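These notes concern the structure reproduced below.
No value in this document is a laboratory result; all are computed from the given coordinates. Model, not experiment: these values are computed from the prediction. We place every Cβ from the backbone using ideal geometry, glycine too, and count neighbours over all the protein chains shown.
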Amino acid sequence: MNCIRSKPEEALEITREIHSRSRRSFDLPEAPPRAAQGLPCGQCANNCCILEGCKGYCGLVENCQGRLLRHGGTPDKGVLEWYYDPLPTNCVSWWSCPGCTGVGYPEYTDSAGPEVGYRNLAVFYGSCSTDCLFCQNWHHRRMAKDTAASVSAGELATKATSETSCICFFGGDPSTQMPHALVTSETILKGRPKKRNFRICWETNGRMNPGYLEQAAGLSLRSGGNIKFDLKTWSPHLHEVLCGTPNRITLDNFQTTVTKYYAQRPKVPLVTASTLLVPGYVDVTEIREISRFIAELNPSIPYTLLAFYPTYILNDIPATPKKQAEECYRTAKKTLKNVRIGNINLLR
């Protein structure tokens, strides 16, 4: 980490090749295309401009004879996997969730405690707007090639049965397939009995088109759901080294969402945040600055520090040490009221 802070350009030069090599192995563009003569996508913060015969960064959109052809992320096509997760779940924001704790009863949950017997519809999108070398769900990169198995928003909405009380979009990341997720959510809410609670939730890197984010926030606000932002780093150089993309749009989207919506529903937090504690990279300095940033917006925002598991490219470093997690926790608690360590079973 000291090398990245002291010699950021050298670090970026080295890791750009690592990102390029890993993405080539999945037949994905090495970097977000910026062709002056290309067609603009606009689906996420990468704002790809794609030349004819080429693909966007997510792998789901291509310029085919001068027209953008989307293989996923439309109301008709979502490249994803879905499954039922019994409540209470182990999702990152469970400790501020109506379905897992009963907070917000009876407005946002039918139970004064955990919704035992109900299920979460978990939607794992097979595409992403970043390229994290520490990706804990790296297999999503394989899914962009299998677009024949896509699911329409209408079909996915039918999976929200009477025993399902919430849906969570994650991945990968929903930022690259927002139109599909938004139509799915609207369809479910319109079809539910008015007296039945159903929450719309998101786990995201925050790199979606701001217009889509505003729609997502509105859906979660009125349904009792949550938007969990993954604030991976504070340093822009470190973010680009580890994730292949800048982090400015994530921080801006987080700030905008908190500023516009958080005070409207303080009892059931609309916005939460998390950071993966990658040993040797995401250290106390990063956590201190992220915590200060969150606290300046609202010190009550729930913040989860997640233990890292070695996988994908960063498979040669250890899991998060307990000492590091505890030190980061103490640091975050200096400015934030609600901090928790997650994935404690991974701490070593």
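Side notes on the structure shown:
- For the chain: rounded, prolate or oblate by the Cα gyration tensor [a/c cutoff 1.5]: oblate
- Spatially proximal lysines relative to LYS194 (Cα-Cα < 24 Å; intrachain offsets below 8 disregarded): LYS159, LYS267
- Nonlocal amide H pairs with LEU80, under 5 Å, H built at 1.01 Å: GLY126, VAL151
- Residues of type lysines that LYS323 reaches as a straight line, Cα spacing below 23 Å, ignoring anything fewer than 8 places off in the same chain: LYS232, LYS333, LYS334, LYS337
- For VAL339, the residues whose amide H sits under 5 Å from its own are TYR303, ignoring neighbours fewer than 5 places away on the same chain, with H placed 1.01 Å from N.
- Using θ = phi - 60° in the Karplus curve 6.51 cos²θ - 1.76 cosθ + 1.60, the 3J(HN,Hα) couplings for the range 326-334 round to 5, 5, 5, 4, 4, 5, 5, 5, 5 Hz; x is entered for Gly and Pro.
- Inverse mean reciprocal Cα-Cα distance (Kirkwood Rh) of the range 156-247, Å: 14.1
- Residues with amide H under 5 Å from that of TYR118, placed H, sequence gap 5 or more: LEU87
- A simple charge model with +1 on the Cβ of Lys and Arg, -1 on the Cβ of Asp and Glu and nothing else charged puts the dipole of the chain at about 740 debye relative to its Cα centre.
- In order through the range 219-233: 3J(HN,Hα) via Karplus (6.51 cos²θ - 1.76 cosθ + 1.60), integer Hz, x for Gly, Pro: 5, 5, 4, 7, 9, x, x, 9, 10, 9, 8, 8, 8, 5, 8
- By the helix-only formula, in which each DSSP H run with n ≥ 4 contributes -39500 (n - 2.57) and the sum is divided by residues, the chain has a 222 nm mean residue ellipticity of -9500 deg cm²/dmol.
- Among ARG34, ARG70, ARG24, the residue with the largest mean-square fluctuation in a Gaussian network model of the chain, with springs joining Cα atoms closer than 10 Å, is ARG24.
- Dipole orientation for the range 5-92: of the candidates GLY42, SER25, ASN90, GLY42 has the Cα lying most toward the positive pole (charges on Cβ; Lys, Arg +1; Asp, Glu -1).
- Centre-to-centre, using Cα atoms only, the range 55-96 and the range 117-155 are separated by 5 Å.
- Among LYS145, LYS195, LYS323, the largest mean-square fluctuation in a Gaussian network model of the chain, built with springs joining Cα atoms closer than 10 Å, belongs to LYS195.
- Considering only GLY38, GLY225, GLY244, the mean-square fluctuation computed in a Gaussian network model of the chain, springs between alpha carbons under 10 angstrom, is largest for GLY38.
- Counted over the chain, the DSSP beta bridges are approximately 40% antiparallel.
- Taking Cβ atoms as reference points and 13 Å as the exclusive limit, the residues near ALA325 contribute a net charge of +3, counting Lys and Arg as +1 and Asp and Glu as -1.
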